[in-house]
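Below is one structure; the comments refer to it alone.
The values are calculated or read from the model by the stated rules, or taken from the named source; none is laboratory data. The structure displayed is predicted, hence computed values, not measured ones. Cβ placement follows ideal geometry from the backbone for every residue including glycine, while neighbour counts extend to all protein chains displayed.
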Ligand SMILES: Cc1cc2nc3c(=O)[nH]c(=O)nc-3n(C[C@H](O)[C@H](O)[C@H](O)COP(=O)(O)OP(=O)(O)OC[C@H]3O[C@@H](n4cnc5c(N)ncnc54)[C@H](O)[C@@H]3O)c2cc1C
(Lines give C-alpha, C1' and ligand atoms only; values in the text may rest on other atoms or scores of the structure.)
Protein backbone atom coordinates (compact mmCIF):
# COMPACT_ATOMS: atom_id res chain seq x y z
CA UNK A 1 0.00 0.00 0.00
CA UNK A 2 1.35 3.45 -0.94
CA UNK A 3 1.87 6.17 1.60
CA UNK A 4 -0.07 8.70 -0.43
CA UNK A 5 -3.80 8.70 -1.03
CA UNK A 6 -6.38 10.43 -3.12
CA UNK A 7 -8.29 12.04 -0.25
CA UNK A 8 -11.91 13.23 -0.18
CA UNK A 9 -12.87 15.67 2.52
CA UNK A 10 -16.61 16.02 2.99
CA UNK A 11 -17.58 19.54 4.10
CA UNK A 12 -15.69 22.79 3.65
CA UNK A 13 -16.36 24.30 7.07
CA UNK A 14 -13.42 25.15 9.33
CA UNK A 15 -12.85 21.49 10.16
CA UNK A 16 -12.80 20.36 6.54
CA UNK A 17 -10.48 23.21 5.54
CA UNK A 18 -8.14 22.48 8.44
CA UNK A 19 -8.11 18.78 7.53
CA UNK A 20 -7.36 19.62 3.88
CA UNK A 21 -4.57 22.02 4.79
CA UNK A 22 -2.99 19.52 7.19
CA UNK A 23 -3.25 16.55 4.80
CA UNK A 24 -1.55 18.63 2.10
CA UNK A 25 1.11 20.02 4.47
CA UNK A 26 1.97 16.44 5.49
CA UNK A 27 2.17 15.37 1.86
CA UNK A 28 -0.47 12.68 2.29
CA UNK A 29 -1.78 12.97 -1.27
CA UNK A 30 -4.22 14.78 -3.52
CA UNK A 31 -7.12 16.46 -1.75
CA UNK A 32 -10.63 17.33 -2.89
CA UNK A 33 -12.95 19.16 -0.50
CA UNK A 34 -16.65 18.72 -1.32
CA UNK A 35 -18.75 21.62 0.00
CA UNK A 36 -22.48 21.96 -0.64
CA UNK A 37 -22.77 25.74 -0.04
CA UNK A 38 -21.74 28.36 -2.56
CA UNK A 39 -18.91 29.47 -0.23
CA UNK A 40 -16.70 27.59 2.24
CA UNK A 41 -16.85 28.32 5.98
CA UNK A 42 -19.93 26.42 7.20
CA UNK A 43 -21.24 27.80 10.47
CA UNK A 44 -18.38 30.30 10.49
CA UNK A 45 -19.40 31.79 7.11
CA UNK A 46 -19.55 35.56 6.81
CA UNK A 47 -21.45 38.17 4.84
CA UNK A 48 -20.65 41.71 3.80
CA UNK A 49 -21.93 44.59 5.88
CA UNK A 50 -20.80 48.19 6.62
CA UNK A 51 -17.77 47.75 4.33
CA UNK A 52 -16.45 44.72 6.22
CA UNK A 53 -17.25 41.02 6.71
CA UNK A 54 -19.30 39.78 9.61
CA UNK A 55 -19.96 36.23 10.78
CA UNK A 56 -23.53 35.06 10.07
CA UNK A 57 -23.60 33.80 13.67
CA UNK A 58 -21.80 35.60 16.50
CA UNK A 59 -18.19 34.40 16.92
CA UNK A 60 -15.96 35.44 19.77
CA UNK A 61 -12.85 33.86 21.32
CA UNK A 62 -11.84 32.97 24.85
CA UNK A 63 -8.31 32.79 26.28
CA UNK A 64 -8.62 29.01 26.23
CA UNK A 65 -9.07 28.87 22.43
CA UNK A 66 -5.35 28.22 21.99
CA UNK A 67 -5.58 26.28 18.73
CA UNK A 68 -7.04 29.11 16.67
CA UNK A 69 -4.58 31.55 18.26
CA UNK A 70 -1.68 29.27 17.30
CA UNK A 71 -3.08 28.71 13.80
CA UNK A 72 -3.41 32.46 13.22
CA UNK A 73 0.13 32.92 14.50
CA UNK A 74 1.49 30.16 12.20
CA UNK A 75 -0.19 31.98 9.28
CA UNK A 76 1.31 35.34 10.34
CA UNK A 77 -2.18 36.66 11.10
CA UNK A 78 -1.91 37.30 14.84
CA UNK A 79 -2.36 41.02 14.33
CA UNK A 80 -6.00 40.28 13.41
CA UNK A 81 -6.75 38.89 16.87
CA UNK A 82 -8.09 41.61 19.15
CA UNK A 83 -9.39 41.52 22.69
CA UNK A 84 -11.92 43.57 24.58
CA UNK A 85 -13.73 43.79 27.91
CA UNK A 86 -17.48 43.27 27.95
CA UNK A 87 -20.49 43.65 30.19
CA UNK A 88 -23.01 40.89 30.68
CA UNK A 89 -26.63 41.61 31.55
CA UNK A 90 -29.94 39.97 32.31
CA UNK A 91 -33.40 41.12 31.27
CA UNK A 92 -35.84 40.11 33.95
CA UNK A 93 -38.92 41.58 35.70
CA UNK A 94 -39.22 44.13 32.89
CA UNK A 95 -35.74 45.68 33.24
CA UNK A 96 -32.09 45.20 32.33
CA UNK A 97 -29.72 44.22 35.15
CA UNK A 98 -25.93 44.10 35.26
CA UNK A 99 -24.96 40.43 35.56
CA UNK A 100 -21.17 40.16 35.38
CA UNK A 101 -19.77 40.21 38.91
CA UNK A 102 -20.70 38.73 42.31
CA UNK A 103 -21.70 42.27 43.34
CA UNK A 104 -24.10 42.42 40.35
CA UNK A 105 -25.64 39.18 41.54
CA UNK A 106 -26.10 40.60 45.02
CA UNK A 107 -27.92 43.57 43.47
CA UNK A 108 -30.10 41.39 41.24
CA UNK A 109 -33.49 42.36 42.67
CA UNK A 110 -35.48 39.86 40.57
CA UNK A 111 -34.51 37.23 43.18
CA UNK A 112 -34.69 37.25 46.98
CA UNK A 113 -31.37 37.61 48.82
CA UNK A 114 -31.42 33.94 49.80
CA UNK A 115 -31.98 32.92 46.17
CA UNK A 116 -29.14 35.13 45.00
CA UNK A 117 -26.75 33.62 47.53
CA UNK A 118 -27.84 30.09 46.64
CA UNK A 119 -27.40 30.87 42.95
CA UNK A 120 -23.89 32.25 43.45
CA UNK A 121 -22.78 29.32 45.61
CA UNK A 122 -24.20 26.73 43.20
CA UNK A 123 -22.35 28.27 40.25
CA UNK A 124 -19.14 28.33 42.25
CA UNK A 125 -19.65 24.69 43.20
CA UNK A 126 -20.14 23.74 39.56
CA UNK A 127 -17.06 25.62 38.38
CA UNK A 128 -14.94 23.93 41.05
CA UNK A 129 -15.71 20.47 39.66
CA UNK A 130 -12.78 19.05 37.75
CA UNK A 131 -14.17 15.77 36.43
CA UNK A 132 -17.12 15.99 34.03
CA UNK A 133 -17.79 12.24 33.85
CA UNK A 134 -19.98 11.88 36.95
CA UNK A 135 -21.92 14.96 35.75
CA UNK A 136 -23.09 13.52 32.47
CA UNK A 137 -25.67 11.22 34.03
CA UNK A 138 -27.20 14.13 35.99
CA UNK A 139 -29.91 16.31 34.43
CA UNK A 140 -28.75 19.97 34.37
CA UNK A 141 -32.31 21.15 34.92
CA UNK A 142 -32.84 18.97 37.96
CA UNK A 143 -29.46 19.92 39.39
CA UNK A 144 -30.14 23.64 38.89
CA UNK A 145 -33.58 23.42 40.48
CA UNK A 146 -32.14 21.56 43.43
CA UNK A 147 -29.06 23.72 44.06
CA UNK A 148 -30.11 27.18 42.88
CA UNK A 149 -33.79 26.72 43.79
CA UNK A 150 -37.00 26.59 41.74
CA UNK A 151 -37.37 30.38 41.72
CA UNK A 152 -33.82 31.04 40.46
CA UNK A 153 -34.32 28.37 37.81
CA UNK A 154 -37.51 30.07 36.69
CA UNK A 155 -35.98 33.55 36.57
CA UNK A 156 -32.48 32.84 35.21
CA UNK A 157 -32.46 29.48 33.42
CA UNK A 158 -35.91 28.44 32.35
CA UNK A 159 -36.20 30.58 29.20
CA UNK A 160 -32.66 29.77 28.07
CA UNK A 161 -33.08 26.01 28.60
CA UNK A 162 -36.56 25.87 27.08
CA UNK A 163 -35.72 27.90 24.02
CA UNK A 164 -32.44 26.08 23.47
CA UNK A 165 -33.55 22.54 24.21
CA UNK A 166 -37.35 22.60 24.10
CA UNK A 167 -38.72 19.10 24.86
CA UNK A 168 -35.16 17.89 25.68
CA UNK A 169 -34.91 20.40 28.55
CA UNK A 170 -34.79 17.70 31.26
CA UNK A 171 -32.38 15.50 29.29
CA UNK A 172 -29.45 17.88 29.06
CA UNK A 173 -26.47 16.61 31.05
CA UNK A 174 -24.88 18.74 33.73
CA UNK A 175 -21.55 18.19 31.94
CA UNK A 176 -22.88 20.53 29.19
CA UNK A 177 -23.58 23.30 31.69
CA UNK A 178 -20.27 22.66 33.44
CA UNK A 179 -18.33 23.06 30.17
CA UNK A 180 -20.21 26.22 29.33
CA UNK A 181 -19.73 27.88 32.72
CA UNK A 182 -16.07 26.92 33.05
CA UNK A 183 -15.28 28.25 29.53
CA UNK A 184 -16.92 31.56 30.43
CA UNK A 185 -15.34 31.63 33.91
CA UNK A 186 -11.96 31.43 32.13
CA UNK A 187 -12.79 34.73 30.42
CA UNK A 188 -12.80 36.65 33.71
CA UNK A 189 -9.69 38.63 34.57
CA UNK A 190 -8.47 38.91 38.12
CA UNK A 191 -9.67 42.22 39.56
CA UNK A 192 -11.71 43.18 36.47
CA UNK A 193 -15.45 43.74 36.68
CA UNK A 194 -15.83 42.79 33.01
CA UNK A 195 -15.48 39.67 30.87
CA UNK A 196 -12.61 39.43 28.46
CA UNK A 197 -13.25 38.11 24.95
CA UNK A 198 -11.41 38.07 21.65
CA UNK A 199 -12.46 38.29 18.02
CA UNK A 200 -10.93 38.19 14.58
CA UNK A 201 -10.70 41.73 13.27
CA UNK A 202 -12.22 41.63 9.80
CA UNK A 203 -14.03 38.38 10.79
CA UNK A 204 -13.18 34.67 10.60
CA UNK A 205 -13.16 35.14 6.80
CA UNK A 206 -9.48 36.14 7.26
CA UNK A 207 -8.71 32.59 8.42
CA UNK A 208 -10.98 30.91 5.86
CA UNK A 209 -9.38 32.87 2.99
CA UNK A 210 -5.91 31.92 4.22
CA UNK A 211 -6.81 28.22 4.30
CA UNK A 212 -8.25 28.53 0.79
CA UNK A 213 -5.10 30.24 -0.49
CA UNK A 214 -2.75 27.69 1.05
CA UNK A 215 -4.83 24.69 -0.03
CA UNK A 216 -4.79 26.00 -3.62
CA UNK A 217 -1.01 26.67 -3.45
CA UNK A 218 -0.40 23.04 -2.44
CA UNK A 219 -2.56 21.74 -5.30
CA UNK A 220 -5.73 20.90 -3.32
CA UNK A 221 -9.17 21.71 -4.66
CA UNK A 222 -12.18 23.02 -2.77
CA UNK A 223 -15.32 22.42 -4.81
CA UNK A 224 -18.24 24.56 -3.68
CA UNK A 225 -21.90 23.98 -4.59
CA UNK A 226 -20.83 20.38 -4.66
CA UNK A 227 -23.09 18.43 -2.34
CA UNK A 228 -22.12 14.82 -1.69
CA UNK A 229 -25.20 12.79 -2.61
CA UNK A 230 -23.86 9.25 -2.52
CA UNK A 231 -20.93 7.32 -1.00
CA UNK A 232 -20.29 3.73 -1.98
CA UNK A 233 -17.50 1.35 -1.06
CA UNK A 234 -15.77 -0.36 -3.94
CA UNK A 235 -14.65 -3.99 -3.95
CA UNK A 236 -11.06 -2.78 -3.53
CA UNK A 237 -12.00 -1.03 -0.26
CA UNK A 238 -11.96 2.45 -1.78
CA UNK A 239 -14.79 4.99 -1.71
CA UNK A 240 -16.82 6.31 -4.61
CA UNK A 241 -18.15 9.81 -3.94
CA UNK A 242 -21.08 11.02 -5.97
CA UNK A 243 -21.62 14.74 -6.50
CA UNK A 244 -22.09 17.11 -9.39
CA UNK A 245 -18.51 16.18 -10.37
CA UNK A 246 -19.87 12.73 -11.19
CA UNK A 247 -18.53 9.64 -9.42
CA UNK A 248 -14.97 9.89 -8.19
CA UNK A 249 -13.07 7.19 -6.36
CA UNK A 250 -10.94 8.10 -3.31
CA UNK A 251 -8.68 5.96 -1.19
CA UNK A 252 -9.41 7.90 1.97
CA UNK A 253 -12.39 9.93 3.21
CA UNK A 254 -12.57 12.41 6.09
CA UNK A 255 -16.19 13.31 6.73
CA UNK A 256 -16.78 16.60 8.55
CA UNK A 257 -20.42 16.97 7.53
CA UNK A 258 -23.22 16.62 10.11
CA UNK A 259 -24.19 13.01 10.81
CA UNK A 260 -27.68 13.22 9.18
CA UNK A 261 -26.05 14.48 5.95
CA UNK A 262 -23.52 11.64 6.08
CA UNK A 263 -26.18 9.00 6.75
CA UNK A 264 -28.32 10.17 3.86
CA UNK A 265 -25.37 9.76 1.46
CA UNK A 266 -23.62 6.62 2.66
CA UNK A 267 -24.98 3.19 1.68
CA UNK A 268 -22.60 0.72 3.35
CA UNK A 269 -22.89 1.32 7.12
CA UNK A 270 -24.31 -1.74 8.91
CA UNK A 271 -27.74 -1.25 10.51
CA UNK A 272 -26.57 -1.19 14.15
CA UNK A 273 -23.89 1.42 13.45
CA UNK A 274 -26.30 3.50 11.38
CA UNK A 275 -28.93 3.40 14.17
CA UNK A 276 -26.35 4.54 16.72
CA UNK A 277 -25.28 7.50 14.58
CA UNK A 278 -28.92 8.36 13.80
CA UNK A 279 -29.71 8.56 17.52
CA UNK A 280 -27.68 11.79 17.72
CA UNK A 281 -30.22 14.49 16.92
CA UNK A 282 -29.43 18.06 15.94
CA UNK A 283 -30.82 21.50 16.71
CA UNK A 284 -31.39 24.02 13.98
CA UNK A 285 -30.22 27.61 14.40
CA UNK A 286 -32.14 30.68 13.36
CA UNK A 287 -30.36 33.98 13.76
CA UNK A 288 -31.32 37.54 12.98
CA UNK A 289 -28.47 40.05 12.74
CA UNK A 290 -29.59 43.65 12.92
CA UNK A 291 -27.54 46.71 12.00
CA UNK A 292 -28.58 49.69 14.13
CA UNK A 293 -27.83 53.38 13.83
CA UNK A 294 -26.98 53.55 17.56
CA UNK A 295 -26.27 51.15 20.43
CA UNK A 296 -29.17 49.09 21.75
CA UNK A 297 -27.88 48.67 25.33
CA UNK A 298 -24.61 48.81 27.26
CA UNK A 299 -24.31 45.00 27.31
CA UNK A 300 -22.29 42.75 25.04
CA UNK A 301 -24.51 39.87 26.07
CA UNK A 302 -27.99 40.36 27.49
CA UNK A 303 -29.60 37.11 28.63
CA UNK A 304 -33.37 37.14 28.46
CA UNK A 305 -35.22 35.73 31.45
CA UNK A 306 -38.70 36.34 30.05
CA UNK A 307 -40.45 33.60 28.11
CA UNK A 308 -42.66 36.11 26.25
CA UNK A 309 -39.56 37.27 24.30
CA UNK A 310 -38.99 35.07 21.23
CA UNK A 311 -35.19 34.83 21.66
CA UNK A 312 -33.07 33.88 24.70
CA UNK A 313 -30.37 36.52 24.37
CA UNK A 314 -29.09 39.61 22.58
CA UNK A 315 -25.44 39.79 21.63
CA UNK A 316 -24.40 43.32 20.81
CA UNK A 317 -21.25 42.37 18.98
CA UNK A 318 -20.14 45.93 18.18
CA UNK A 319 -19.36 46.42 21.89
CA UNK A 320 -16.55 43.90 21.36
CA UNK A 321 -15.73 44.59 17.71
CA UNK A 322 -16.27 48.29 16.96
CA UNK A 323 -15.56 48.01 13.23
CA UNK A 324 -18.89 48.90 11.67
CA UNK A 325 -18.57 52.52 10.69
CA UNK A 326 -20.19 53.77 13.89
CA UNK A 327 -23.13 51.35 13.56
CA UNK A 328 -24.21 48.88 16.17
CA UNK A 329 -24.57 45.18 15.37
CA UNK A 330 -26.81 42.84 17.34
CA UNK A 331 -27.37 39.12 16.97
CA UNK A 332 -30.59 37.43 18.06
CA UNK A 333 -29.76 33.71 17.90
CA UNK A 334 -32.24 30.92 18.54
CA UNK A 335 -31.39 27.22 18.66
CA UNK A 336 -34.58 25.36 17.84
CA UNK A 337 -35.94 21.91 17.11
CA UNK A 338 -36.70 21.55 13.41
CA UNK A 339 -40.46 21.62 13.94
CA UNK A 340 -40.46 24.80 16.10
CA UNK A 341 -43.04 27.39 15.05
CA UNK A 342 -40.38 30.12 14.54
CA UNK A 343 -38.82 27.98 11.80
CA UNK A 344 -42.03 28.25 9.78
CA UNK A 345 -42.15 32.07 9.81
CA UNK A 346 -40.94 34.20 6.93
CA UNK A 347 -38.05 36.62 7.49
CA UNK A 348 -40.52 39.54 7.55
CA UNK A 349 -42.80 37.85 10.10
CA UNK A 350 -39.78 37.18 12.31
CA UNK A 351 -38.64 40.76 11.93
CA UNK A 352 -42.00 42.11 13.13
CA UNK A 353 -42.01 39.82 16.18
CA UNK A 354 -38.37 40.45 17.07
CA UNK A 355 -38.63 44.25 16.72
CA UNK A 356 -41.73 44.31 18.91
CA UNK A 357 -39.80 42.28 21.54
CA UNK A 358 -36.79 44.61 21.34
CA UNK A 359 -39.17 47.49 22.10
CA UNK A 360 -40.31 45.69 25.25
CA UNK A 361 -36.73 45.19 26.39
CA UNK A 362 -35.73 48.77 25.67
CA UNK A 363 -38.72 51.11 25.76
CA UNK A 364 -38.17 53.82 23.18
CA UNK A 365 -36.63 51.42 20.71
CA UNK A 366 -38.35 51.64 17.33
CA UNK A 367 -37.84 50.13 13.88
CA UNK A 368 -36.53 53.42 12.47
CA UNK A 369 -33.28 52.82 14.40
CA UNK A 370 -32.70 49.80 12.17
CA UNK A 371 -30.56 50.14 9.08
CA UNK A 372 -30.84 46.55 7.86
CA UNK A 373 -31.59 43.05 9.07
CA UNK A 374 -30.34 39.65 7.90
CA UNK A 375 -31.78 36.25 8.71
CA UNK A 376 -29.63 33.11 8.64
CA UNK A 377 -30.81 29.56 9.22
CA UNK A 378 -28.91 26.31 9.45
CA UNK A 379 -30.41 22.82 9.89
CA UNK A 380 -27.51 21.28 11.84
CA UNK A 381 -26.14 23.80 14.31
CA UNK A 382 -25.45 21.66 17.33
CA UNK A 383 -26.29 18.17 18.58
CA UNK A 384 -28.71 17.68 21.44
CA UNK A 385 -26.47 16.52 24.26
CA UNK A 386 -28.47 13.89 26.08
CA UNK A 387 -27.70 12.12 29.36
CA UNK A 388 -24.61 9.91 29.08
CA UNK A 389 -23.92 11.41 25.67
CA UNK A 390 -20.31 10.18 25.61
CA UNK A 391 -21.60 6.61 25.19
CA UNK A 392 -23.27 7.55 21.91
CA UNK A 393 -20.21 9.17 20.40
CA UNK A 394 -18.72 7.41 17.39
CA UNK A 395 -14.96 6.85 17.18
CA UNK A 396 -13.12 8.87 14.55
CA UNK A 397 -11.92 5.66 12.87
CA UNK A 398 -14.93 3.79 11.56
CA UNK A 399 -15.47 0.12 10.78
CA UNK A 400 -13.99 0.90 7.36
CA UNK A 401 -10.27 1.46 6.81
CA UNK A 402 -9.40 5.06 5.88
CA UNK A 403 -12.95 6.32 6.35
CA UNK A 404 -13.00 8.80 9.23
CA UNK A 405 -15.72 10.75 11.00
CA UNK A 406 -14.69 14.06 12.54
CA UNK A 407 -17.47 16.51 13.27
CA UNK A 408 -18.87 18.91 15.85
CA UNK A 409 -21.15 16.27 17.40
CA UNK A 410 -17.98 14.57 18.72
CA UNK A 411 -16.73 17.70 20.49
CA UNK A 412 -17.84 16.99 24.03
CA UNK A 413 -18.11 17.93 26.83
CA UNK A 414 -16.20 21.10 25.94
CA UNK A 415 -18.28 23.58 23.97
CA UNK A 416 -17.82 23.15 20.25
CA UNK A 417 -16.08 26.09 18.67
CA UNK A 418 -13.78 27.08 15.83
CA UNK A 419 -10.67 26.21 17.83
CA UNK A 420 -11.85 22.62 18.37
CA UNK A 421 -12.73 22.24 14.70
CA UNK A 422 -9.22 23.32 13.69
CA UNK A 423 -7.82 20.78 16.15
CA UNK A 424 -10.04 18.01 14.77
CA UNK A 425 -8.78 18.83 11.26
CA UNK A 426 -5.19 18.48 12.50
CA UNK A 427 -5.99 15.21 14.29
CA UNK A 428 -7.70 13.77 11.20
CA UNK A 429 -4.56 14.35 9.11
CA UNK A 430 -2.35 12.80 11.81
CA UNK A 431 -4.56 9.72 12.04
CA UNK A 432 -4.65 9.26 8.29
CA UNK A 433 -0.87 9.58 8.11
CA UNK A 434 -0.47 6.92 10.80
CA UNK A 435 -2.85 4.56 8.99
CA UNK A 436 -1.15 5.13 5.63
CA UNK A 437 2.23 4.34 7.19
CA UNK A 438 0.87 1.29 8.99
C1 LIG B 1 -25.02 30.59 16.69
C2 LIG B 1 -23.61 30.10 16.72
C3 LIG B 1 -22.67 30.77 17.48
C4 LIG B 1 -21.35 30.31 17.55
N5 LIG B 1 -20.46 31.01 18.29
C6 LIG B 1 -19.17 30.63 18.29
C7 LIG B 1 -18.20 31.41 18.99
O8 LIG B 1 -18.53 32.42 19.62
N9 LIG B 1 -16.90 30.99 18.95
C10 LIG B 1 -16.52 29.87 18.28
O11 LIG B 1 -15.31 29.58 18.25
N12 LIG B 1 -17.41 29.10 17.63
C13 LIG B 1 -18.73 29.46 17.63
N14 LIG B 1 -19.66 28.70 16.95
C15 LIG B 1 -19.28 27.35 16.50
C16 LIG B 1 -18.49 27.30 15.22
O17 LIG B 1 -19.09 28.07 14.21
C18 LIG B 1 -18.47 25.84 14.79
O19 LIG B 1 -18.05 25.03 15.86
C20 LIG B 1 -17.53 25.60 13.62
O21 LIG B 1 -17.68 26.58 12.62
C22 LIG B 1 -17.86 24.21 13.06
O23 LIG B 1 -17.10 23.98 11.90
P24 LIG B 1 -17.16 22.57 11.21
O25 LIG B 1 -16.38 22.65 9.97
O26 LIG B 1 -16.78 21.55 12.22
O27 LIG B 1 -18.71 22.32 10.90
P28 LIG B 1 -19.65 23.10 9.89
O29 LIG B 1 -19.39 24.53 9.95
O30 LIG B 1 -21.04 22.61 10.19
O31 LIG B 1 -19.19 22.56 8.46
C32 LIG B 1 -19.76 21.47 7.81
C33 LIG B 1 -19.80 21.80 6.33
O34 LIG B 1 -20.34 20.68 5.62
C35 LIG B 1 -21.14 21.16 4.56
N36 LIG B 1 -22.04 20.08 4.17
C37 LIG B 1 -23.12 19.60 4.82
N38 LIG B 1 -23.67 18.56 4.12
C39 LIG B 1 -22.90 18.39 3.02
C40 LIG B 1 -22.94 17.47 1.93
N41 LIG B 1 -23.87 16.51 1.82
N42 LIG B 1 -21.98 17.57 0.97
C43 LIG B 1 -21.00 18.51 1.05
N44 LIG B 1 -20.94 19.42 2.06
C45 LIG B 1 -21.87 19.34 3.03
C46 LIG B 1 -21.84 22.38 5.18
O47 LIG B 1 -22.31 23.25 4.19
C48 LIG B 1 -20.71 22.98 6.01
O49 LIG B 1 -19.98 23.94 5.27
C50 LIG B 1 -20.97 29.14 16.84
C51 LIG B 1 -21.91 28.47 16.06
C52 LIG B 1 -23.22 28.93 15.99
C53 LIG B 1 -24.23 28.22 15.15
Within segment 353-363, is even one residue at pLDDT below 95, within 30 Å of residue 339 (Cβ to Cβ) and within 16 Å of the ligand (Cβ to nearest atom)? no
Reported set for segment 29-38 where residues are surrounded by 19 or more Cβ atoms within 10 Å (Cβ to Cβ) and either more than 15 Å from the ligand (Cβ to nearest atom) or free of Cβ contacts under 8 Å to residues at least 12 places away in the same chain (or both) is 29
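What are the residues in segment 94-111 that are closer than 30 Å to residue 69 by Cβ, assigned to a helix (DSSP H, G or I) and touching a helix residue (DSSP H, G or I) at 6+ places or on another chain (Cβ under 8 Å), if any? Give the steps one after another, and end with the answer.
Here is the first cut: in segment 94-111, the residues closer than 30 Å to residue 69 by Cβ are 98-102, 104.
Going one step further and asking which of them are assigned to a helix (DSSP H, G or I), we end up with 102, 104.
Matches in segment 94-111: 102 only.
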Between residues in segment 75-90 that are free of Cβ contacts under 8 Å to residues at least 12 places away in the same chain and residues that are crowded, with 16+ Cβ neighbours inside 10 Å, which pairs lie under 7 Å by C-beta distance while being six or more apart or on different chains? 78/72
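Considering 397, 372, which residue is more than 20 Å from the chain's Cα centre (by Cα), more than 13 Å from the ligand (Cβ to nearest atom) and outside the structural domain of residue 236 (by TED's automatic domain parsing)?
Being more than 20 Å from the chain's Cα centre (by Cα), more than 13 Å from the ligand (Cβ to nearest atom) and outside the structural domain of residue 236 (by TED's automatic domain parsing) holds for just one of 397, 372, which is 372.
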Does residue 355 meet the test of being more than 30 Å from residue 259 (Cα to Cα) and surrounded by 13 or more Cβ atoms within 10 Å (Cβ to Cβ)? yes
Odd one out for residue 436 among (1) within 14 Å of the ligand (Cβ to nearest atom); (2) in contact with a strand residue (DSSP E or B) (Cβ under 9 Å, 6 or more places away or on another chain): (1)
When you look at residue 286, is it part of a strand (DSSP E or B) and either within 20 Å of residue 229 (Cα to Cα) or outside the structural domain of residue 35 (by TED's automatic domain parsing) (or both), yes or no? yes
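Just give me the residues in segment 70-93 being surrounded by fewer than 16 Cβ atoms within 10 Å (Cβ to Cβ) and outside any loop (DSSP other than H, G, I, E, B), in sequence order. Outline the logic, then answer.
First, the residues of segment 70-93 that are surrounded by fewer than 16 Cβ atoms within 10 Å (Cβ to Cβ): 70, 73-74, 76, 78-79, 83, 93.
Correct list: 70, 73, 74, 78, 79, 83.
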